[in-house]
Amino acid sequence: MNNSIAAIILTYNEEKHIVRCINSLTGVCEEIFVIDSFSKDRTVEIAKGLGAKVYQNPWKNYATQFNWGLANCPITSEWIWRIDADEFLEGNLGQAMKKSLAECSKEVNGVYVRKRIDFMGRPLLHGGWYPSYHLKVWRRGHGDCENRWMDEHIRIFDGTTITVEEGNQVDANLNNLTWWTEKHNGYATREMVDMLMMEYGMDDRGKEVEAKFWGTEEQRKRWLKVKYIKAPLFLRPFINFNIRYILKAGFLDGKEGFIWHFLQGFWYRFLVDAKIYEIKKRFVFNEEKIKKYLENNFLTKVNGGGKSLNIAYSPCPFILKDRRLYA
């Protein structure tokens, strides 16, 4: 065990972010792999110039692309670090991680780090968004990315986890609000599919993060999502906004915080509900017809006759196919 780390970064037209991301990994990750979805800008050129190993693969969904990287990159490091192109390591996180990996027991297979979101240049420190802990580092061969349409987490197969409290993994996208709203329109479509599959018991719960309130942060988030799905359509976005912005003091993050909580906590959630309502109305609220529609458009047969998520671009007219929305 040499405690070396390999970072995996998924990209599509990320020339605006990739330098900041890779530079933050210097001296921390011995290997940096970029899985690119055939970018049309200088992402590949820049990444190679910074020493990253670049592989290209057609985009299907986040989980599929990430797991493709795990399976096809010549990774020799003991640990994997999941980091997005618009994220970077801040403070002493990198060195604290190296120290923790060197000192942890062999039973430890996953590490949680503290994540912070910066929106319009302002750190969001309230509303329940910070501190937020995510499993970002795990021992190679002991975890992967769960295959979901939306809200995918890293899951480890065995062992225990620890938490590194120093520094932050910062999510700070530099694109404008037009890009943000277009991206979240695409996310809303994927979230609609994900929530309908959960509502009708069509998700593969045996291979996903377990919903548990007194568990890890991912398990608690999944538990809350299950409860959210059971709440009345169109009412739940109002509840979510009021909890985040008022009860959890999101208003303390100023104008940027108000924009974030209104767009992400209300508008986005309302859009998801509208898309769910559109599908249900289309099939006259007939559960069996909706389930058949989801099965035909979003599931595919696998060996043994079972079903799994259809990871190819869907022929369904409700699914946006512009890859940049998902990269």
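All but one of (1) of a type outside the set (D, E, K, R); (2) surrounded by 17 or more Cβ atoms within 10 Å (Cβ to Cβ); (3) free of Cβ contacts under 8 Å to residues at least 40 places away in the same chain hold for F213; which doesn't?
It is condition (2) that F213 fails.
Going by the structure shown, is N67 touching a strand residue (DSSP E or B) at 6+ places or on another chain (Cβ under 9 Å), surrounded by fewer than 20 Cβ atoms within 10 Å (Cβ to Cβ) and of a type outside the set (D, E)? Reasoning before the result, please.
Numbers: touching a strand residue (DSSP E or B) at 6+ places or on another chain (Cβ under 9 Å): yes; surrounded by fewer than 20 Cβ atoms within 10 Å (Cβ to Cβ): yes; of a type outside the set (D, E): yes.
Considered against the rule, which asks whether it is touching a strand residue (DSSP E or B) at 6+ places or on another chain (Cβ under 9 Å), surrounded by fewer than 20 Cβ atoms within 10 Å (Cβ to Cβ) and of a type outside the set (D, E), N67 comes out as yes.
For segment 38-48, give me the residue count where each residue is touching a helix residue (DSSP H, G or I) at 6+ places or on another chain (Cβ under 8 Å) and within 15 Å of C73 (Cβ to Cβ). Let's see the steps before the verdict.
Looking only at segment 38-48, we keep the residues that are touching a helix residue (DSSP H, G or I) at 6+ places or on another chain (Cβ under 8 Å), and these are 43, 46-47.
If we keep only those that are within 15 Å of C73 (Cβ to Cβ) as well, we get 47.
Going through segment 38-48 one residue at a time, the tally reaches 1.
Considering every residue within segment 91-104, establish whether at least one is touching a Pro at 6+ places or on another chain (Cβ under 9 Å) and buried (at least 19 other Cβ atoms within 10 Å of the Cβ).
Our first condition is that a residue be touching a Pro at 6+ places or on another chain (Cβ under 9 Å); within segment 91-104, this holds for none.
Checking segment 91-104: not a single residue is touching a Pro at 6+ places or on another chain (Cβ under 9 Å) and buried (at least 19 other Cβ atoms within 10 Å of the Cβ).
How many of the residues making up segment 70-103 are among the charged types (D, E, K, R) and either over 17 Å from A6 (Cβ atoms) or modelled with pLDDT under 95 (or both)? Before you say what the answer is, go through the steps one by one.
Initial filter on segment 70-103 (among the charged types (D, E, K, R)): 78, 82, 84, 86-87, 90, 98-99, 103.
When the remaining residues are screened for being either over 17 Å from A6 (Cβ atoms) or modelled with pLDDT under 95 (or both), the result is 86, 90, 99, 103.
Residues in segment 70-103 being among the charged types (D, E, K, R) and either over 17 Å from A6 (Cβ atoms) or modelled with pLDDT under 95 (or both): 4 in total.
Return a yes/no flag: does segment 121-132 have any residue that is of a type in the set (S, T, Y), modelled with pLDDT of 95 or more and surrounded by fewer than 18 Cβ atoms within 10 Å (Cβ to Cβ). Lay out the reasoning, then the answer.
Restricting attention to segment 121-132, the residues satisfying the condition of being of a type in the set (S, T, Y) are 130, 132.
Next cut, modelled with pLDDT of 95 or more only: 130.
Checking which are surrounded by fewer than 18 Cβ atoms within 10 Å (Cβ to Cβ) leaves us with 130.
Yes.
If R190 meets every condition in (1) out of contact with any Leu (no Cβ under 7 Å at 6 or more places or on another chain); (2) at pLDDT 90 or above; (3) assigned to a helix (DSSP H, G or I); (4) closer than 28 Å to R122 by Cα apart from one, which number is that one?
Single failed check for R190: (2).
Tell me which residues, restricted to segment 244-292, are among the hydroxyl-bearing types (S, T, Y) and crowded, with 17+ Cβ neighbours inside 10 Å.
Of everything in segment 244-292, those that are among the hydroxyl-bearing types (S, T, Y) and crowded, with 17+ Cβ neighbours inside 10 Å turn out to be Y245, Y268.
The values are calculated or read from the model by the stated rules, or taken from the named source; none is laboratory data. A quick note: this is a predicted structure, and the numbers were derived from the prediction, not measured. Neighbour counts are summed over all protein chains in view; Cβ atoms, including those assigned to glycine, are modelled from backbone coordinates with ideal geometry.
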